[in-house]
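Enquirer: First the structure, which I've put down as structure tokens, then a few questions once you've had a look.
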Amino acid sequence: MTAEFILNELKSIASPEKAKILSGFFKTRQGEYGAGDLFLGVVVPHIRNIAKANRKTPPTEIRTLLQSNFHEARLCALAIITEQFKKAKETERKEIFNFYLANIERINNWDLTDLTCPTIIGLYLLDKDDRSILYKMSESKNLWEQRISIVSTLAFIRNNDLNDTFALSKKLLFHKHHLIHKAVGWMLREAGKRNKELLVAFLDKYAAKMPRTALRYAIEKFPQQERLYYLHKDISRHVSAIK
């Protein structure tokens, strides 16, 4: 299939009303993180269906689709290679992984990162000893590369491999952007589901000074008394109350 064909499929089910809502939701105004992004108004389930129907689209056409100014076109392109990755052999997975990294500048909003990087980056690195690419991305000046670095560890978490999640959370903990706070808190929460003791140890060290958004995400599944304990600015004042 061609990029033109896929884009026409997306346009055929576009909704101007949904496009307006999505433009606001993904912060496309000047100065916002999604500034300048254009929307057709196609919801994710429909995009996934189109991606599955066109999973044999070649890399050249996917690259063309990724260059589109329409958000849904880029998401569909990424959904296609995510589908391809799931059924690919190891050598093919490496090619998709490298393709993803080579086009990373087009993966430029949180849904584009979150729906794809745990599979394409996380699963690819799952059995690899060298995961330095994640630490390199965490130090990037690009917000989306930084988000990819931490959200990719969701694949590790699902396999009870938590070390990189905590290490990258520490590196990104005092980032200035709320989208990184949310991503870090989300990954900490998921890691805590697997090993609460490790999360508690992390929070005991950093909760008093970490961004409140990250903290709230991290402790979302805690009992109310524990949440109140960690939300307090000065943890030491509540130790006796908890005991």
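The values are calculated or read from the model by the stated rules, or taken from the named source; none is laboratory data. This structure is a prediction, so every number in the text was calculated from the model and none was measured. Don't worry about glycine lacking a Cβ; one is built from the backbone with ideal geometry, like all the others, and counts go over all protein chains shown. Remember, those area values only see protein heavy atoms, side chains included, never the ligands or the DNA or RNA. Shrake-Rupley method; radii C 1.70, N 1.55, O 1.52, S 1.80 Å.
Enquirer: Ignoring ligands, DNA and RNA, what percent of the accessible area of the stretch 124-240 is carbon or sulfur (1.4 Å)?
Expert: Working: 2910 of 6120 Å².
Heavy-atom surface of the stretch 124-240 belonging to carbon and sulfur, 1.4 Å probe: 48 percent.
Enquirer: So, in Å, what gap is there between the alpha-carbon centers of the stretch 114-155 and the stretch 166-225?
Expert: Value for the Cα centre distance between the two parts: 18 Å.
Enquirer: Compute the long axis of helix 3-12 from its Cα atoms, compare it with the longest principal axis of the Cα atoms of the chain, and write down the angle in degrees, 0 to 90, nearest 10.
Expert: With both axes taken from Cα atoms, the answer is about 80 degrees.
Enquirer: Now for a different question. Could you give the angle, 0 to 90 degrees to the nearest 10, between helix 163-172's Cα long axis and the longest principal axis of the Cα atoms of the chain?
Expert: The angle comes out near 90 degrees.
Enquirer: A further question follows. Tell me, what ³J(HN,Hα) does each residue in the stretch 140-155 have, in order and in whole Hz, if you take phi through Karplus 6.51 cos²θ - 1.76 cosθ + 1.60 with θ = phi - 60° and put x for Gly and Pro?
Expert: 5, 8, 8, 3, 6, 5, 5, 5, 4, 4, 8, 5, 4, 6, 4, 5
Enquirer: Taking every pair of distinct Cα atoms and averaging 1/r, then inverting, what Kirkwood hydrodynamic radius in Å comes out for the stretch 137-212?
Expert: 12.2 Å
Enquirer: Here's something else I'd like to know. Keeping every protein chain present and rolling a 1.4 Å probe, give me the accessible area per residue for the chain in Å².
Expert: Accessible area per residue, the chain: 52 Å².
Enquirer: Whole-Hz Karplus ³J(HN,Hα) for the stretch 42-52, in order, using 6.51 cos²θ - 1.76 cosθ + 1.60 and θ = phi - 60°, x for Gly and Pro?
Expert: 10, 7, 4, x, 5, 5, 4, 4, 5, 4, 5
Enquirer: Let a ≥ b ≥ c be the square roots of the eigenvalues of the Cα gyration tensor of the chain; is it rounded (a/c under 1.5), or, if not, prolate (a/b larger than b/c) or oblate?
Expert: The shape class here is prolate.
Enquirer: Could you work out the Kirkwood radius for the stretch 62-158, taking every pair of different alpha carbons, averaging 1/r and inverting it, reported in Å?
Expert: Roughly 13.3 Å, rounded to one decimal.
Enquirer: Going down the list Lys11/Lys52; Lys136/Lys176; Lys141/Lys171; Lys89/Lys128; Lys141/Lys205; Lys27/Lys52, which pairs span over 20 Å between their C-alpha atoms?
Expert: On the way: Lys11/Lys52 17 Å; Lys136/Lys176 18 Å; Lys141/Lys171 14 Å; Lys89/Lys128 15 Å; Lys141/Lys205 27 Å; Lys27/Lys52 28 Å.
In this structure, Lys141/Lys205; Lys27/Lys52 exceed 20 Å between Cα atoms.
Enquirer: Run through the stretch 20-81 and list the GluC sites (Glu not before Pro) located in a DSSP loop whose Cβ has at most 12 other Cβ atoms within 10 Å.
Expert: On the way: sites: Glu32, Glu61, Glu72; in loops: Glu32.
In loop regions of the stretch 20-81 (DSSP not H, G, I, E or B), the sparsely surrounded GluC sites (Glu not before Pro) are Glu32.
Enquirer: Write down the Kirkwood hydrodynamic radius of the stretch 58-105, to one decimal in angstroms, obtained as one divided by the mean of 1/r over all alpha carbon pairs.
Expert: 10.8 Å
Enquirer: Oh, and also: Once every DSSP H run of n ≥ 4 in the chain is given -39500 (n - 2.57) and the sum is divided by its residues, what mean residue ellipticity at 222 nm do you get, rounded to the nearest 500 deg cm²/dmol?
Expert: Values: 16 runs with 150 residues, N = 243.
Helix contribution divided over all residues of the chain: -17500 deg cm²/dmol.
Enquirer: Of the candidates Asp204, Asp114, Asp161, which one comes out as most mobile in a Gaussian network treatment of the chain with C-alpha springs shorter than 10 Å?
Expert: Top of the fluctuation ranking is Asp204.
Enquirer: Take the stretch 1-107, drop everything but the C-alpha atoms, weight them equally and run the Debye formula without solvent; then report log10 I(q)/I(0) at 0.12, 0.15, 0.24 Å⁻¹ to two decimals.
Expert: Computed log10 I(q)/I(0) values: -0.40, -0.62, -1.30.
Enquirer: Along the charge dipole of the chain, which of Ala3, Cys117, Tyr33 sits closest to the positive end, that is, farthest toward it, with unit charges on the beta carbon of Lys, Arg, Asp and Glu (+1, +1, -1, -1)?
Expert: Going by the charge dipole, the pick is Tyr33.
Enquirer: Among 119-131, 10-22, what's the highest-first ranking by average C-beta atoms within 10 angstrom per residue? Can you show the working numbers first?
Expert: Values: 119-131: 17.5, 10-22: 14.5.
In decreasing order of mean packing, 119-131, 10-22 become 119-131, 10-22.
Enquirer: Determine ³J(HN,Hα), in whole Hz, for all residues of the stretch 132-137 in sequence, where each value follows from phi through the Karplus function 6.51 cos²θ - 1.76 cosθ + 1.60 and θ = phi - 60°; x replaces Gly and Pro.
Expert: Those phi angles translate into 4, 4, 5, 6, 5, 5 Hz.
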